[in-house]
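Student: Sending over a structure as structure tokens; questions will come in a sec.
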Amino acid sequence: MLAADSIRSSEIGDTNVKKPILVVASQFPKEIEDRIDRDYDPRRNPNTVPFTREQFLAAADGADAIFVTNLDRLDSIFFQKVSPTVKVIATYSVGFEHIDLEGAAHRKISVAYTPGVNHEATADIAMLLLLGASRRAYEAQELVRAGAWRPLSPKMLLGWQVGGKILGIFGMGHVGRAMARRARGFGMKIHYSNGSKLPPNLEEEAIYHEDPNELLRLSQFLSLHAPETPETRHFLNAKSIGLLPHGAVVVNTARGGLIADEDLIAALRSGQVAAAGLDVFAGEPQIHSGYLELKNTFLLPHIGSATVETRVAMGMLALDNIDSVLAGRPAQTLIAQ
């Protein structure tokens, strides 16, 4: 049984200043861990799998703050039972669908997230997926790694060039705009759909479509960068896929829930979608087995923000938010307060 006292990593030491108790749900880069040890009395998850709800509640007993990732599910029952001492929860992610915000608000617990620091790294992966999918990189690498590479005929492993093609971007926030900058460098024409039209300095001559269906009809390549909400869930489904030009390429670095998996897999099998590059999946790390059976999928394990620079910046921002809330100062990036 995991008791709160058993996962406290250290006592205060020689100083008489009482450090805030921070529940640390995962393992983070060294710079983040060092700051946690310096500034907090940490209660760490000793395992490589997420806390169960009961373990989380035990760890949070008497704690001041909680530091989680998107793999930690803080539901309404958690917030009904969590210790009244908890003042702030920081998530090491841009998405926050894993946290019951109403439950947090009811308990007057601030919730912070880490936007604005991972967009460049995530856009790099989006471009990698676009190129990998369009140039059939998975099939080509299979030949090399299996020792099956033989002189290719002029018809083998033909992919699709991106220059001169229309890239439709669904969601033109930080990541979408960073993706647009990269795609322009490859000679792509940028169209987008967003909650609202961007000002000219952010739009950079991209063409706006108020109706996402208009965007889909033009998108020879489609890159998803919108948050997952009830309105965007399964945005890409059989009906919307049918609007894409035949042989389109689909990229997703946002959230797996934006795609109806069965419908995309059917389109990949039929050729309506020529290829897909995916870094995020519904129910990850488990993913729909249909994707694994296909050659025209270029798949990555949700590594959009996985650079040293980005992961450290995310952690520092999360801890900055915790510090601010505990000190009674305005925090940089709160979802709810």
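Student: Being of a type in the set (A, V, I, L, M, F, W, C) and either open to solvent by less than 40 Å² (accessible area, probe 1.4 Å) or touching a helix residue (DSSP H, G or I) at 6+ places or on another chain (Cβ under 7 Å) (or both) is true for just one of 127, 156. Which residue is that?
Tutor: On the way: 156 fails: either open to solvent by less than 40 Å² (accessible area, probe 1.4 Å) or touching a helix residue (DSSP H, G or I) at 6+ places or on another chain (Cβ under 7 Å) (or both).
Step by step, each of 127, 156 is checked, and only 127 is of a type in the set (A, V, I, L, M, F, W, C) and either open to solvent by less than 40 Å² (accessible area, probe 1.4 Å) or touching a helix residue (DSSP H, G or I) at 6+ places or on another chain (Cβ under 7 Å) (or both).
Student: Could you grab the pairs with beta carbons closer than 9 Å, sequence gap of 6+ or different chains, first residue in the range 117-129 and among the hydroxyl-bearing types (Ser, Thr, Tyr), second one assigned to a helix (DSSP H, G or I)?
Tutor: Close Cβ pairs (under 9 Å, with a partner that is assigned to a helix (DSSP H, G or I)) amount to 122/174; 122/175; 122/178; 122/179; 122/310.
Student: Give the number of residues within the range 159-179 that are under 23 Å from the mean Cα position of the chain (by Cα), open to solvent by less than 90 Å² (accessible area, probe 1.4 Å) and not charged (D, E, K, R). Even if it seems obvious, please write down each step before you answer.
Tutor: Our first condition is that a residue be under 23 Å from the mean Cα position of the chain (by Cα); within the range 159-179, this holds for 167-179.
Checking which are open to solvent by less than 90 Å² (accessible area, probe 1.4 Å) leaves us with 167-173, 175-179.
Keeping just the survivors that are not charged (D, E, K, R) gives 167-173, 175-176, 178-179.
Total satisfying the criteria: 11.
Student: Please enumerate the residues belonging to the range 130-153 that are open to solvent by 80 Å² or more (accessible area, probe 1.4 Å) and assigned to a helix (DSSP H, G or I).
Tutor: Selection gives 138, 141, 144, 145.
Student: For the range 290-299, name all the residues that are assigned to a loop (DSSP other than H, G, I, E, B) and either within 18 Å of residue 231 (Cα to Cα) or not charged (D, E, K, R) (or both).
Tutor: Going residue by residue through the range 290-299, those that are assigned to a loop (DSSP other than H, G, I, E, B) are 293-296.
Once the filter is applied, which keeps residues that are assigned to a loop (DSSP other than H, G, I, E, B) and either within 18 Å of residue 231 (Cα to Cα) or not charged (D, E, K, R) (or both), the range 290-299 yields 294, 296.
Student: Does residue 136 meet the test of being touching a Leu at 6+ places or on another chain (Cβ under 6 Å) and basic (Lys, Arg)? Break it down into steps so the answer makes sense when it comes.
Tutor: Working: touching a Leu at 6+ places or on another chain (Cβ under 6 Å): yes; basic (Lys, Arg): yes.
Answer is yes for this residue.
Student: Here is a follow-up. Quick check on residue 294: is it in contact with a strand residue (DSSP E or B) (Cβ under 8 Å, 6 or more places away or on another chain) and either open to solvent by less than 50 Å² (accessible area, probe 1.4 Å) or closer than 20 Å to residue 248 by Cα (or both)? Steps first, answer last, please.
Tutor: Numbers: in contact with a strand residue (DSSP E or B) (Cβ under 8 Å, 6 or more places away or on another chain): no; either open to solvent by less than 50 Å² (accessible area, probe 1.4 Å) or closer than 20 Å to residue 248 by Cα (or both): yes.
So residue 294 fails the test.
Student: Evaluate the following for residue 159: is it in a strand (DSSP E or B) and either modelled with pLDDT of 95 or more or aromatic (Phe, Trp, Tyr) (or both)? Give the steps one after another, and end with the answer.
Tutor: Working: in a strand (DSSP E or B): no; either modelled with pLDDT of 95 or more or aromatic (Phe, Trp, Tyr) (or both): yes.
So residue 159 does not fit the description; no.
Student: While we're looking at this one, here's another question. Could you list, ordered by first residue, the pairs with Cβ atoms under 6 Å in which the first is in the range 48-62 and more than 14 Å from residue 21 (Cβ to Cβ) and the second is among the aliphatic types (A, V, I, L, M) and open to solvent by 60 Å² or more (accessible area, probe 1.4 Å), at least 6 apart or interchain?
Tutor: 50/71
Student: Sticking with this one: Which of the helices (runs of 4 or more DSSP H) contained wholly in the range 180-289 include at least 3 residues that are at pLDDT 95 or above, open to solvent by less than 30 Å² (accessible area, probe 1.4 Å) and at negative phi? Let's see the steps before the verdict.
Tutor: Working: elements: 200-203, 212-218, 238-241, 261-270.
It comes to 261-270.
Student: Ok, one more. Considering the range 293-336 alone, what residues qualify as being closer than 24 Å to residue 278 by Cα and without any contact (Cβ under 8 Å) to a residue 40 or more places away in the chain?
Tutor: Result: 293, 294, 301, 302.
Student: Tally time: how many residues in the range 40-65 are open to solvent by 10 Å² or more (accessible area, probe 1.4 Å), of a type in the set (A, V, I, L, M, F, W, C) and farther than 29 Å from residue 227 by Cα?
Tutor: 1
Student: Can residue 11 be described as touching a helix residue (DSSP H, G or I) at 6+ places or on another chain (Cβ under 7 Å), farther than 28 Å from residue 80 by Cα and either modelled with pLDDT under 95 or open to solvent by 20 Å² or more (accessible area, probe 1.4 Å) (or both)?
Tutor: Details: touching a helix residue (DSSP H, G or I) at 6+ places or on another chain (Cβ under 7 Å): no; farther than 28 Å from residue 80 by Cα: yes; either modelled with pLDDT under 95 or open to solvent by 20 Å² or more (accessible area, probe 1.4 Å) (or both): yes.
For residue 11, the condition - touching a helix residue (DSSP H, G or I) at 6+ places or on another chain (Cβ under 7 Å), farther than 28 Å from residue 80 by Cα and either modelled with pLDDT under 95 or open to solvent by 20 Å² or more (accessible area, probe 1.4 Å) (or both) - is not met.
Every residue, every condition in (1) in contact with a helix residue (DSSP H, G or I) (Cβ under 7 Å, 6 or more places away or on another chain); (2) without any contact (Cβ under 8 Å) to a residue 40 or more places away in the chain, yes or no:
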position: 143; (1), (2): no, yes
position: 152; (1), (2): no, yes
position: 167; (1), (2): yes, no
position: 172; (1), (2): no, no
position: 177; (1), (2): yes, no
position: 192; (1), (2): yes, yes
position: 205; (1), (2): no, yes
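Student: Give the residues of the range 308-321 that are open to solvent by less than 50 Å² (accessible area, probe 1.4 Å) and either of a type in the set (Val, Ile, Thr) or out of contact with any helix residue (DSSP H, G or I) (no Cβ under 9 Å at 6 or more places or on another chain) (or both), sorted by residue number.
Tutor: Taking the range 308-321 as the starting set, the residues that turn out to be open to solvent by less than 50 Å² (accessible area, probe 1.4 Å) are 310, 312-315, 317-319, 321.
310, 312, 313, 317, 321 - these are the residues of the range 308-321 that are open to solvent by less than 50 Å² (accessible area, probe 1.4 Å) and either of a type in the set (Val, Ile, Thr) or out of contact with any helix residue (DSSP H, G or I) (no Cβ under 9 Å at 6 or more places or on another chain) (or both).
Student: Can I ask one more? Say we look at the range 66-103 and pick out the residues that are aliphatic (A, V, I, L, M) and farther than 26 Å from residue 29 by Cβ; which of these is surrounded by the most Cβ atoms within 10 Å (Cβ to Cβ)? Explain how you work it out, then say what you get.
Tutor: Of the residues in the range 66-103, the ones aliphatic (A, V, I, L, M) are 66, 68, 71, 74, 77, 82, 86, 88-90, 94, 99, 101.
If we keep only those that are farther than 26 Å from residue 29 by Cβ too, we end up with 77, 82, 101.
Details: 77: 12, 82: 22, 101: 15.
My answer is 82.
The values are calculated or read from the model by the stated rules, or taken from the named source; none is laboratory data. Bear in mind the structure is a predicted one, so any value in this text is a computation, not a measurement. Glycine gets a Cβ as well: all are built from the backbone with ideal geometry, and neighbour counts include every protein chain shown. Remember, those area values only see protein heavy atoms, side chains included, never the ligands or the DNA or RNA. Shrake-Rupley method; radii C 1.70, N 1.55, O 1.52, S 1.80 Å.
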